[in-house]
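For reference, the structure discussed in these notes is given below.
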Amino acid sequence: MRRYRVVWCGLGVVLAVPGLVAAVLLSRPSTLLIAFFVIAAATTGLSVGFGTTFGSATGDGGGRLRQALLAGALVAGAGLAMSGLVQLLGSAALLLFFLVLATSPPVISRLFRKRGFRSKDRSHGAAQARELTTLELCRQWQDSYQALREAPTVALRLQIIEAREHCLDELERRNPDGLQAWLASSASAAGDPSRFLTGPGTT
């Protein structure tokens, strides 16, 4: 999802630049400045208000204010870019705007969660992990790290991450002390925990 977010932001910038240029060339500077500050102020106020409402009273108040100001500037800039694109493309710019929103990382992430990529087969995955020996679980933990790095889609990555969670859960169920010892030994995401979890009488 991180890579997708970077690509999406890059495409957003590519679309926003001609929109901003068009807005500057086709609109009055005074109108642009007023619109920018009004949108930025409104967005900043909403950000601060929602942050307070949802319990952000603790923490770095200055940091929250900076984030709110940044959000206001970004939304204002996006609004001006949208107005420029409308002047260039007409109603087609609105379709483009909704397409950008529909493919935004928060929307895509929520769609994946609703479709159950994280929890749909959780009990089934746990049952599969119980059928493996400890050595097989350790081997699966190592192999899944490389599979995660090479996974081409977000959905597949989520499935692999879930399988790795089942792996750790089952290893902890079988040998909690051994797993904690492995984690305390500067364990890595691709490391082999078998020497801490296997021994005489261990399957």
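Among the criteria (1) over 30 Å from Val13 (Cα atoms); (2) modelled with pLDDT of 85 or more, the one Asp121 does not fulfil is (2). Any chance you could count how many residues in the stretch 122-172 are part of a helix (DSSP H, G or I), more than 21 Å from Gly191 (Cα to Cα) and free of Cβ contacts under 8 Å to residues at least 40 places away in the same chain? Residues flagged as part of a helix (DSSP H, G or I), more than 21 Å from Gly191 (Cα to Cα) and free of Cβ contacts under 8 Å to residues at least 40 places away in the same chain within the stretch 122-172 amount to 5. Just the residues that are out of contact with any Pro (no Cβ under 7 Å at 6 or more places or on another chain) and either assigned to a loop (DSSP other than H, G, I, E, B) or surrounded by 20 or more Cβ atoms within 10 Å (Cβ to Cβ) (or both), please, taken from the stretch 180-193. Correct list: Ser185, Ser186, Ser188, Ala189, Ala190, Gly191, Asp192, Pro193. The sole residue among Ile39, Ile34 that is buried (at least 17 other Cβ atoms within 10 Å of the Cβ) and either of a type in the set (Val, Ile, Thr) or at pLDDT below 75 (or both) is Ile39.
Of all residue pairs spaced 6 or more apart or on separate chains, those with beta-carbon atoms under 6 Å, a first member in the stretch 29-41 that is among the small types (Gly, Ala, Ser) and a second member that is surrounded by 11 or more Cβ atoms within 10 Å (Cβ to Cβ) are Ala40/Gly72; Ala40/Ala73; Ala40/Ala76.
The values are calculated or read from the model by the stated rules, or taken from the named source; none is laboratory data. Given the structure is predicted, the values throughout are model-derived calculations rather than measurements. Note that each Cβ is placed from the backbone with ideal geometry, even for glycine, and that neighbours are counted across all protein chains shown.
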